[in-house]
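*Asks:* Sharing a structure with you now.
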Amino acid sequence: MTDLAEPIPGVPLALRIRPARGYLLYLGAATLFSINGTVAKTLMLGGLGATYLSQLRVTGAAILMLVGLLVLRPATLRLRRAELPLLLVYGVMGVAATQALYFISIVTLPIGVSLLIEFTSPLLITLWFRFALHHPTKRIVWVGLVAAVGGLAVVARAWEGFTLDPGGFAAAVGACIALAFYFVATDMQVRGDHPRDPVSLTAWGMAAAAVFWAVVQPLWTFPLGELAGTAHMLGTAGPVVPVWSLTLWIVVMGTVVPFSLVVLSMQHLRASQASTMGMVEPVIATAIAWVALGEMLSPIQIAGGALLLGGVVLAERNR
């Protein structure tokens, strides 16, 4: 992999690695993803299934991105046979699984709790670098790991028994594993010997995820009637908006734009740096869900979340 001190292969000199730019891009993506969680939960509370919402999200995004690239930058869509297996796995595991499992988890868990579980993925990346790639690990990293696990136990109120919905918790853990794969796979493809254009990488990832869902859930089974209704924003007392407008938001502002920003940011950040920056997402998403859906974490859970995020950052910054 390319070191941060060197320009990325294939990127013009003017676009040398700039961490500040990468962090800003990722912050924009995290904010849009945070809003998207509340929009998605609003749709699911209205009756749209989590897997169908995931299918709609990736299929719509794939169509928009592929058409846009065909018109504006067709050369970036060229594929090499050697990259097809990783792209397919990337689309199914990194894109489809991450999104679907996250949606499934927030049906029964508060959005903030689900994201806190999901964003322990940097711990998995740290363990991967230590045990699979045999990178040296400072003792302080293990302190961070212990702190993060302890914080997660506080969020789950472990001393009261397991208070989180088991199905939602399992889905959030699955999303955590899939997200770790997404970060590492993106890093490999953006910085490999034959680096792929970041926007085309997102487009092909969405396309692979869309093909996966088309096989698992044929398009003719999609409940189109659900898109013709209305939904309440900001709880039952909030304004009523057409469901189609919310799904349009999820496809464009909740998927195409933030996923592109994430991959663009990783021209300037490594997988560990990007995933660490992602720690702002649970904070923003919790605040939005509190205002829009009335989802509140107790003070002890907020403290546990802060301990969890602090432990993750400590581990990542010292790895």
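The values are calculated or read from the model by the stated rules, or taken from the named source; none is laboratory data. All values reported here derive from a predicted model rather than from experimental measurement. No Cβ is skipped: glycine too gets one built from the backbone with ideal geometry, and neighbour counts run over all protein chains shown.
*Asks:* Here is a list: L123, L64, L88. Which entry is surrounded by fewer than 19 Cβ atoms within 10 Å (Cβ to Cβ), within 17 Å of F183 (Cα to Cα) and not basic (K, R)? Let's see the steps before the verdict.
*Replies:* On the way: L123 fails: surrounded by fewer than 19 Cβ atoms within 10 Å (Cβ to Cβ); L64 fails: within 17 Å of F183 (Cα to Cα).
Being surrounded by fewer than 19 Cβ atoms within 10 Å (Cβ to Cβ), within 17 Å of F183 (Cα to Cα) and not basic (K, R) holds for just one of L123, L64, L88, which is L88.
*Asks:* Any residue in region 69-83 that's exposed (fewer than 10 other Cβ atoms within 10 Å of the Cβ): show its pairings with residues that are assigned to a helix (DSSP H, G or I) at Cβ separation under 9 Å, as long as the two are six or more apart or on different chains.
*Replies:* Correct list of pairs: R78/S200.
*Asks:* Within region 254-264, which residues are of a type outside the set (G, A, S) and within 11 Å of A61 (Cβ to Cβ)? Reasoning before the result, please.
*Replies:* Our first condition is that a residue be of a type outside the set (G, A, S); within region 254-264, this holds for 255-259, 261-264.
If the condition is that a residue be of a type outside the set (G, A, S) and within 11 Å of A61 (Cβ to Cβ), then T255, V256, V257, P258, F259 are the ones that fit.
*Asks:* Let me ask something else about it. Would you call V146 surrounded by 15 or more Cβ atoms within 10 Å (Cβ to Cβ), at negative phi and in contact (Cβ under 8 Å) with a residue 60 or more places away in the chain?
*Replies:* Working: surrounded by 15 or more Cβ atoms within 10 Å (Cβ to Cβ): no; at negative phi: yes; in contact (Cβ under 8 Å) with a residue 60 or more places away in the chain: yes.
Answer is no for this residue.
*Asks:* May I ask you to verify whether F129 is modelled with pLDDT under 90 and aromatic (F, W, Y)?
*Replies:* Numbers: modelled with pLDDT under 90: yes; aromatic (F, W, Y): yes.
It is true that F129 is modelled with pLDDT under 90 and aromatic (F, W, Y).
*Asks:* Which one of these does L201 not meet: (1) closer than 30 Å to A82 by Cα; (2) modelled with pLDDT under 85?
*Replies:* (2)
*Asks:* Then there is this: Only one of L264, L201 is among the hydrophobic types (A, V, I, L, M, F, W, C), closer than 30 Å to W128 by Cα, touching a Pro at 6+ places or on another chain (Cβ under 7 Å) and assigned to a helix (DSSP H, G or I). Can you tell me which? Give the derivation first.
*Replies:* Details: L201 fails: touching a Pro at 6+ places or on another chain (Cβ under 7 Å).
Sole residue among the options that is among the hydrophobic types (A, V, I, L, M, F, W, C), closer than 30 Å to W128 by Cα, touching a Pro at 6+ places or on another chain (Cβ under 7 Å) and assigned to a helix (DSSP H, G or I): L264.
*Asks:* I need a count of the residues in region 16-32 that are touching a helix residue (DSSP H, G or I) at 6+ places or on another chain (Cβ under 9 Å) and either more than 19 Å from V280 (Cβ to Cβ) or modelled with pLDDT under 90 (or both). Quick ask: steps written out before the conclusion?
*Replies:* The initial filter retains those residues of region 16-32 that are touching a helix residue (DSSP H, G or I) at 6+ places or on another chain (Cβ under 9 Å), namely 19, 21-32.
From what's left, either more than 19 Å from V280 (Cβ to Cβ) or modelled with pLDDT under 90 (or both): 19, 21-27, 30.
The qualifying residues number 9.
*Asks:* Among the helices (runs of 4 or more DSSP H) contained in region 36-110, which hold 2 or more residues that are under 24 Å from W244 (Cα atoms) and under 19 Å from the mean Cα position of the chain (by Cα)? Don't jump to the end; show me each part of the working.
*Replies:* On the way: elements: 50-72, 84-89, 98-108.
It comes to 50-72, 98-108.
*Asks:* In this structure, is A292 in a helix (DSSP H, G or I), buried (at least 18 other Cβ atoms within 10 Å of the Cβ) and at pLDDT below 75?
*Replies:* On the way: in a helix (DSSP H, G or I): yes; buried (at least 18 other Cβ atoms within 10 Å of the Cβ): yes; at pLDDT below 75: no.
When the stated conditions are applied, A292 does not pass them.
*Asks:* Still on this structure, please answer the following. Of all residues in region 149-169, count the ones that are free of Cβ contacts under 8 Å to residues at least 40 places away in the same chain and part of a helix (DSSP H, G or I).
*Replies:* 1
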